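Following: one structure in structure tokens, then a few remarks.
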Amino acid sequence: MQENGEFVLIVSTILILIIVIALIILFTTFQKKKNFLVEKQKEEQERFEKEIAETQIEIREATLRNISWELHDNIGQLLTLAKIQLQNSTPENIKEVSETITKGLTEVRSLSKLINPEAIKNIDLREALQLEVDRFNRLNFIETTYKVKGHEVEIDKKASIVLFRILQEFFSNTIKHSKATNLEVTLNYKKDKLILFAKDNGVGFLINEKKEGIGLSNIKNRIKLIGAEVNFVIAENKGTSIEITYKYE
């Protein structure tokens with residue numbers, strides 16, 4: 001009986017040790033996996049923040065280029081015209097001088113919205129696209145139509161920055177390379193997602209990864225970061241379109 005009791009005690013002790021060792025191994029494995037996932041999540045967050053910062057810089061640089069163009073090609077011309085009109089002013093044409101100066105002031109106010117850093121940091125996608133479209137039409141860059149469908153839904157500010165920069169790059173390539181005469185832009189607010197669509201009627205272009213611009217691979221990487229999807233349709237002499245689908249958080 002005593003020997004049996006000792007045997008049972010030994011077996012029980014061994015079983016307990018095995019269970020304890022197994023639990024320690026499982027806990028260690030779980031902890032390592034947890035630490036790995038936390039570290040990976042941290043890296044993804046840091047990468048996301050870096051991409052957002054880079055995108056904000058790109059938007060600011062593009063905005064400054066736009067401001068430079070408008071100062072030279074638009075406001076500069078208006079001021080020159082106003083100067084000429086003043087030099088040859090008469091009581092009859094003073095109204096024309098006033099209208100020219102008023103146009104110049106309107107352009108300056110439009111530029112002030114673009115210069116404001118907070119407008120880039122806390123970008124309102126619908127309004128930002130409206131400003132871009134208005135600028136294209138005002139300066140006769142390209143005839144652009146802009147439609148907003150559905151009930152507007154407020155989306156994440158960082159996602160807005162990424163979406164706006166991608167569309168801004170598409171617009172830039174359309175104007176520079178596509179030889180298009182028309183550009184269509186649509187914001188479609190659906191129940192569970194936002195669909196952004198832009199299409200030109202140009203010769204068809206591909207955003208080159210090696211040339212200036214954020215490139216196709218960069219677009220795809222940034223789209224993944226905000227959990228969206230992007231689709232390009234490029235047809236020679238039939239235009240280029242981009243469709244982005246962003247599901248609300």
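Observations on the structure shown:
- The stretch between L26 and K83 holds 12.3 nm of extra length on full extension. This uses 0.36 nm per residue minus the Cα-Cα distance.
- Cα gyration tensor, region 124-249 - rounded (a/c under 1.5), prolate or oblate: oblate
- Region 141-194 - Kirkwood radius from inverse mean 1/r over Cα pairs (Å): 12.6 Å
- Length gained on full extension, E44 to K179: 44.7 nm, using 0.36 nm per residue less the C-alpha separation.
Quick note: the coordinates plus some simple rules give every number you see, no bench work behind them. Treat the numbers as computed from the prediction; the structure is a model and nothing was measured.
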